[in-house]
Every structure is written in C-alpha cells, then in structure tokens.
Amino acid sequence: MFLTFGKKTNVNNSFPIFEPSNKIFQPTKGNILSLAALAFFIIISVVKNPHPYIKITAVVLVLVWSFYITTNSLRYQSLNGKYEGTLTFNATDLSINERKINISEIKTIHVGTSDYEGKERGSKNIFPMSNGTNNLLELTLTSGEVIKLFFKINFMQHESLKPFVISLVKNERISFEKALEVLKLDDDFYINKFKNELNKKEPE
C-alpha cells in the first residue's frame, strides 16, 4: 500500500526547468564586450598614429569592460540554454509544468542537487559563480517512461525539498543517506532533526 506523509507545502518549492543549449559557444554581452575591447587594444598597439577617435573609443571600452567585470553581469556563469517551464516538489508528488506525478508512479528516482545560484567555481577573480542550473532530476516510472531534466536551485532552497524527500524515504524510493545528500545535510544537529521528522507519526 502506498503511504503518504506530510502536508503540501507552498514555500518556495517550485524550480525553473532549464533546457541546455546544444551550441558549443553562445555569445554573451561579456564575450562581445571583451572581444571589442581586445580588438581596439590591438588596433592602437599596431597602427601608427591612430585617429584620436579610435584612441578615445579604446579607452572608453576598456573602462566599461573593467566596470562590467566587477558587476553581477560577469560574476555569474553564462546561461548556455533557456528556462522552459516549472518543476514543483510537493509532499507526495511532483509536477512538471501541468503534469502531476505521484510518488506511487515512480519506480526509481535520482535527484542531483549539487549546484545552486551563487556557488563558487574556483577563484571569484577568475571563474564566474554558478547560475545554479546543473541540477538533475531523472525518473523511471512504473509505466517504463524515463524523464530527465535539469532545474535551477537558488541559494538555501534545498530546505523546500524536505517534505518530498521524506515521502521518498518512507516509501523506499531512496535511502536515508541519499536523502541527506539531496538536502545537503552534513551537520549532526540537522541530521538528527531530520531523523526526528522522519520518525514523526502523522495524525490519524
């Protein structure tokens, strides 16, 4: 018999679905501005006595580029794809746009939540921060259908997955260890708190 646990939550439990682009290189404002600044720098370095307007343009471009890299426009990784729909995790089901899938329909599930918006990808002075779209949901339904999609997670949004994850554990779709991984729980205090929530009995 299928078990249901927890109540439906509406607290930030919806995530944008991300559709990656097949393009290897996708021009961005940062790419274009950097190439333009480089081109003008080469021109004034190679051409003898360039026109004053060219010098002025090159200086302006370098100043604008310097300002640009200190703003959020270049602090975040380029979005190589587009947002297409919404993924919502509820206590006993998930919704992909208008399609609702109950946990009872899920044979196997993988929820990868290693990424989030603002995650550092190395030195902040060299690598832009992540845009949080490298999170994978992969389902195999009892019907045999396989669903695979990526979704965006904002900073500190993992908590909103908890009711869904609790139902997954109680219905033996994922292990306790996997649940900790999905929710990013590694502190003893929060792990014990999660155990208590798992063992809490629902009112009759």
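The values are calculated or read from the model by the stated rules, or taken from the named source; none is laboratory data. For clarity, every value in this text was computed on a predicted model and none was experimentally measured. Areas reflect the complete protein model, heavy atoms only, side chains present, ligands, DNA and RNA absent. Shrake-Rupley method; radii C 1.70, N 1.55, O 1.52, S 1.80 Å.
Residues whose amide H falls under 5 Å from that of Asn154, counting only those 5 or more places apart or on a different chain, are Glu117, with hydrogens built in the peptide plane. Measuring only protein heavy atoms, the 1.4 Å probe finds Asp188 accessible over about 110 Å².
Near Met129, the amide H atoms lying under 5 Å from its own belong to Tyr76, Gln77; only residues 5 or more places off or on other chains count, and H is placed 1.01 Å from N.
Computed over the Cα atoms of segment 153-204, pair by distinct pair, the Kirkwood hydrodynamic radius stands at 11.5 angstrom.
Size descriptor for segment 102-204, Kirkwood hydrodynamic radius: 15.2 Å (Cα pairs only, one decimal). Taking θ as phi - 60° and the Karplus parameters 6.51, -1.76 and 1.60, the scalar couplings of segment 133-146 work out to 9, 8, 10, 10, 10, 10, 10, 10, 8, 5, 7, x, 5, 10 Hz in sequence order, x denoting glycine and proline.
When His110, His158 are compared by accessible area of protein heavy atoms, the largest-first order is His110, His158, using a 1.4 Å probe.
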